[in-house]
Every structure is written in structure tokens, then in C-alpha cells.
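Everything below concerns the one structure shown next.
The values are calculated or read from the model by the stated rules, or taken from the named source; none is laboratory data. Just so it is clear, the model here is predicted, and its values are computed rather than measured. Methodologically, a virtual Cβ is constructed for each residue, glycine included, from the backbone with ideal geometry; neighbour enumeration extends over all protein chains shown. Accessible surface is based on the protein model in full, side chains and every heavy atom, while ligands, DNA and RNA are left aside. Shrake-Rupley method; radii C 1.70, N 1.55, O 1.52, S 1.80 Å.
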Amino acid sequence: EAFSTPTETLGRRINGDEFPMSIVVSRMPLEAQENFVVVTRDITASKLAEERLNRAQDQLREAVDSIPEGFALFDAKDRFVLCNGRFRELYPDIEELLKPGWNREDIFIAYAALGLTQEAAADPEAWVADRIAKTQQPKYEAEVKRIDGSWVKIKEHRTPDGSMVGIHSDITAAKLREEDLLAAKIQAESSSRAKSEFLAMMSHELRTPLNAVLGFSDIMRQEMLGPIENKQYIEYLNDIHGGANHLLEVIND
């Protein structure tokens, strides 16, 4: 049988060792008989190179899959090349679109149609146009809140050959902590204001009668409106006036 295109098979050397080879058989009919031309080639070197390339690609895929964040790569024409498992976990709704060759704009359109973010749901066309514009920048960073309440941090940058590398991280836990801290801060500030207002009010409420105690006790102990016959009252008035002064100092502090 003639093989007009190269066919790979195994050859055997004189010493019995097998080696990969390609073979092309061409039929050459002549007047008297039919002849065949057989061309064989030792492809050991190319097979070794192919194995090394496959191993390198496997190592690359394993390395990409080991990244804890979502990793995605688009070529210079914004066509999807590859991503890791974590990236697929972050975007399960569009996982079926994450196949080599898909155009990035088509992926954005599908994502917007699902309304997975408030901005995309409100105006899908504007959201897609904005995302496409931002992909043209050398670098792009954003924190995106999704409809389900989760947060994703996006960091993308262009490589020298024009490809786009994206790192997508789930920052929901950090955002929840941030919101809790903000709520605690607001609560603390509110409590502090309430305390200050309470102290100011109490200071005013205490000073008003205290001024009367100080004023009238001073008038009485100095006998401004006439003498006090029982001098024991004078000692009591001195104690009242001294105690009122001390309380005023406490309030001032």
C-alpha cells in the first residue's frame, strides 16, 4: 500500500534497537511494471524534542494549577489561551466559554448577560465597552462586588508580546472583615459622641444647682444678711462650701 503522506512507525537497527521513523511510499507506474519509491527518515531527535516540549507544557499546566489565585491567559488578539482550576471555580457560570480560541469580548458579553455584577446588570453594553477599553491598558486593577455578595480582585497586565495575564483573587473574607471593622469604628465613634454629649449635659445639669449651693453658702457663712447666732452653723456652711468647691473641681476635670 502506498503512503503519499509521512506515516510514523518503528524501525529496527542492525543491533536490534527500535527507533521512531517516518515513511513515505509513492507509487511510480512504468510501462512494464509498477514500482514504488520508499523514503524513510529517522525522527528520534524530533520525537525527543516533542517529548521535552510536552513535559514542559505539562509542568507549566501543573505550575499554573498550583497557583492559589485564579490565573487566565489571553493572546495578543485577546483570544483565550488557558486558565487554571481556581479561575474556573471563580467563574462557574461561564466555565463552558473558557475554551482556547474564544474571543475575550464574547466572554464579556456572556458574563454581562448573566448580570453577575450590579454594573453589568444595570447596563450590559456599557459594562462590556468599559471592560474592553480597560483591557487595552498595560495594567488594570479593580475590586468587583458580585450580585451574590462575593468580592473578586482583578489584576491584569500585558506581556511584551501583547498577551494579557490576569490574576483573579477571592477577597470576600477580607472585605467582610473590612466592613466589620468599619461598622465597629462607626459604632465606637457614635458611642464616643454619645459619651461626650452625656458628659456635657451632666456637667451643665450639675453646675446649675452647684452654683446656687456655692453662692448661697458663701453668703450665709460670711453673714452678709445678718449674724448667725449659733456658730456651729458657720462650721456646717464652711463644710458645705468646701464640699461644693471640691465637687466643682471634679466636674471641671
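Figures for the structure shown
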{"quantity": "Residue that is nearest to ILE147 (Cα to Cα) [pool: residues in region 117-137 that are outside any helix (DSSP H, G or I) and open to solvent by 40 Å² or more (accessible area, probe 1.4 Å)]", "calculated": "ASP123"}
{"quantity": "Filtered residues of region 1-47 (kept if open to solvent by 80 Å² or more (accessible area, probe 1.4 Å) and either touching a helix residue (DSSP H, G or I) at 6+ places or on another chain (Cβ under 9 Å) or modelled with pLDDT under 80 (or both))", "calculated": "GLU1, SER4, THR5, GLU8, ARG27, MET28, PRO29, LEU30, GLU31, ALA32, GLN33, GLU34"}
{"quantity": "Selection count where residues are surrounded by fewer than 16 Cβ atoms within 10 Å (Cβ to Cβ), without any contact (Cβ under 8 Å) to a residue 60 or more places away in the chain and touching a Ser or Thr at 6+ places or on another chain (Cβ under 7 Å), scope region 147-167", "calculated": "1"}
{"quantity": "Hits in region 83-100 (condition: open to solvent by less than 30 Å² (accessible area, probe 1.4 Å), closer than 17 Å to MET164 by Cα and part of a loop (DSSP other than H, G, I, E, B))", "calculated": "ASN84, LEU98"}
{"quantity": "Meets criteria (more than 30 Å from TYR140 (Cβ to Cβ), in contact with a Ser or Thr (Cβ under 7 Å, 6 or more places away or on another chain) and either open to solvent by 90 Å² or more (accessible area, probe 1.4 Å) or part of a helix (DSSP H, G or I) (or both)) for ILE251", "calculated": "yes"}
